[in-house]
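J.: Before anything else, here's the structure in question.
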Amino acid sequence: MYYYDAHCHYSYLKKKYENFIIAAVSMDYSTSIETLSLKSPDILAGIGIHPWKVHEENLNKVLELVRKADFIGEVGLDYRYAKADKSIQLKYFEAFAEEASNQKKLINVHALDAWEDAFNILQKHNVKRAIFHWYTGPENLLKEIEGAGYFITVNPSVTFQKKHQNIVIKSPLDIILTESDGGYEYKGRLLEPVHIVEAIKEISKLKGTSEEEVNKIVERNFKKAFG
Ligand SMILES: [Zn+2]
């Protein structure tokens, strides 16, 4: 059985994880180049500029890499922590959304405190495949995410993060993917793909569905999302 990690900063880990399929996201130009070099049957390569890096990264240099990538990410908007002005963040994110649409690629989105704006931009550019990563956003947007055929990811922090648990309770399993956000240190713990097992357990508990069934649905969703 495989586990599916739909959002992992694999270039920060570079370890071999048996029985994992990993969607490797990037933060900026240099990690995008590194992620592309790590591409393998088990590692899908994503390129992008994270909203925290927008203030110091060249947009066009990274846009040129889209063609070589399996998907676009991590990109998006962050109205809480990003250094760049909202207008610059919007410019970068719109450019990536347009590319995702033109090249028919999935886009892996970070949208802290900016969920609705991010969703509207994807719709405006007619993006067909998108993931809202570590979704803790408004409940009322879930219907629209589902209607658009998009997905959300559930992070291992779901074992203790109440608003994330609530999102799992309110979401149909058909829009749920699992992620580690591996390489990122959260509350003193370095996240890694293997922690997805904890996320599966928690989803199973919250949804009253067996772990095996949850993972089967996640597998189906992952294949649909990444194509
Ligand atoms: Zn991330």
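The values are calculated or read from the model by the stated rules, or taken from the named source; none is laboratory data. Being a predicted model, the structure only gives us computed values, none of them experimental. Note that each Cβ is placed from the backbone with ideal geometry, even for glycine, and that neighbours are counted across all protein chains shown. To get the accessible areas, we keep the full protein, side chains included, count just its heavy atoms, and leave off ligands, DNA and RNA. Shrake-Rupley method; radii C 1.70, N 1.55, O 1.52, S 1.80 Å.
J.: With every protein chain left in place and a probe of 1.4 Å, what is the accessible surface of ARG129, to the nearest 10 Å²?
T.: For ARG129, the solvent-accessible surface is approximately 70 Å².
J.: While we're looking at this one, here's another question. Please report Rg over Rh for the chain, where both radii come from the alpha carbon positions and Rh follows the Kirkwood definition.
T.: Radius of gyration over Kirkwood radius for the chain works out to 0.93.
J.: Moving on to the next point. Quick check on segment 26-144: what does the Kirkwood estimate of hydrodynamic radius come out to from the alpha carbon pairs, in Å?
T.: Computed over segment 26-144, the radius equals 14.1 Å.
J.: Take the residue pairs LYS39/LYS170; LYS15/LYS143; LYS15/LYS170; LYS53/LYS143; LYS15/LYS124 and return only those whose Cα atoms are more than 32 Å apart.
T.: Too far apart for the 32 Å limit: LYS39/LYS170; LYS15/LYS143; LYS15/LYS170; LYS15/LYS124.
J.: Additional query: Expressed as a whole number of Å, what is the distance separating the alpha-carbon centroids of segment 1-46 and segment 161-218?
T.: Each part's Cα centre sits 18 Å from the other's.
J.: Using Cα pairs closer than 8 Å and at least 6 residues apart in sequence, work out the relative contact order for the chain, in percent.
T.: 19
J.: Now a separate question. Per residue, how many Å² of accessible area does segment 1-129 show with a 1.4 Å probe?
T.: On a per-residue basis, segment 1-129 sits at 45 Å².
J.: For the chain, what is the calculated [θ] at 222 nm in deg cm²/dmol (nearest 500), taking -39500 (n - 2.57) for each run of four or more DSSP H residues and dividing by its residue count?
T.: Calculated at 222 nm, the ellipticity per residue is -11500 deg cm²/dmol.
J.: Ok, one more. Can you say what percent of the DSSP beta bridges in the chain, counting only those with both residues inside, are antiparallel? Round to 5.
T.: Around 10 percent of the beta bridges assigned by DSSP in the chain are antiparallel ones.
J.: Using a 1.4 Å probe and counting only protein heavy atoms, arrange GLU144, GLU74, GLU198 so the residue with the most accessible area comes first.
T.: From most accessible down to least: GLU144, GLU198, GLU74.
J.: Accessible surface of THR136 in the full protein assembly, 1.4 angstrom probe, to the nearest 10 Å²?
T.: 30
J.: Once the piece of chain linking SER30 and LYS224 is laid out straight, how much longer is it, given 0.36 nm per residue of separation minus the C-alpha distance between them?
T.: Roughly 67.0 nm would be gained on extension.
J.: Separate question: With every protein chain kept in the model, how would you rank ASP85, ASP5, ASP113 by accessible area, 1.4 Å probe, largest at the top?
T.: Listed by decreasing accessible area, they come as ASP85, ASP113, ASP5.
J.: Can you give me the solvent accessible area of TYR17 with a 1.4 Å probe, rounded to the nearest 10 Å²?
T.: 20
J.: Under a plain spin-label model, where a point goes 7 Å from the Cα along Cα-to-Cβ, how far apart in nm are ARG189 and LYS68?
T.: Placing both labels 7 Å along Cα→Cβ, they lie 3.6 nm apart.
J.: Mind checking which aspartates and glutamates have their Cα closer than 18 Å to the Cα of LYS61? Skip sequence neighbours fewer than 8 apart in that chain.
T.: List returned: ASP28, GLU34, ASP70, GLU74, GLU94, GLU98, GLU99.
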